[in-house]
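Please treat every number below as a calculation from the coordinates, not as lab data. What you see is a predicted model; the values in this text were computed from it and never measured. No Cβ is skipped: glycine too gets one built from the backbone with ideal geometry, and neighbour counts run over all protein chains shown.
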Amino acid sequence: MNRGIRGATTVTRNDEQEIMQETLRLLEEMVKRNDLHPEYISNIWITMTQDLDAAFPAKAIRQLEGWDLVPLMCSVEIPVKGSLPRCIRFMVQVNTEKSQSEIKHVYLNEAKRLRPDLSESGVQP
């Protein structure tokens with residue numbers, strides 16, 4: 001069965017190093033909380049808000065051992081007025097036997113405001 005796992009984080013500035021670091025931090029948390037292995041990931045869709053253009057987040061993931069064959073796609077998030085700035089979002093599609101309720105979505109930094117019910121301080125373990 002294929003399930004989607006959502007994740008999001010923010011950076012403080014449009015800086016290549018910070019974008020790469022936060023991308024890896026988000027992925028590492030998603031992997032840890034969901035016991036993910038690259039072999040079972042069908043693809044990762046990555047979006048960034050329009051105020052971020054210093055780096056491709058996929059570049060950071062491609063440098064990880066075992067992740068070079070995972071299909072990655074970067075795109076620009078829809079520019080909705082008043083939306084959260086400097087935000088990186090993931091949609092990880094994974095082949096798993098876990099139920100929808102067992103999936104652990106990850107929201108870090110200011111992105112916790114997007115889904116407080118699913119952030120570390122929310123109801124989800």
The range 28-125: Lys pairs at Cα distance under 22 angstrom, eight or more positions apart or on different chains: 6
Cα centroid separation - the range 62-87 against the range 4-61, whole Å: 6
Added length on full extension, which subtracts the Cα-Cα distance from 0.36 nm per residue, L64 to E39: 7.7 nm
Antiparallel DSSP beta bridges within the chain, as percent of all bridges there, nearest 5: 70
Net charge over other residues, Cβ less than 11 angstrom from the Cβ of M91 (K, R count +1; D, E count -1): +3
Debye equation applied to the C-alpha atoms of the range 2-113, log10 I(q)/I(0) at 0.09, 0.14, 0.18 Å⁻¹: -0.21, -0.52, -0.86
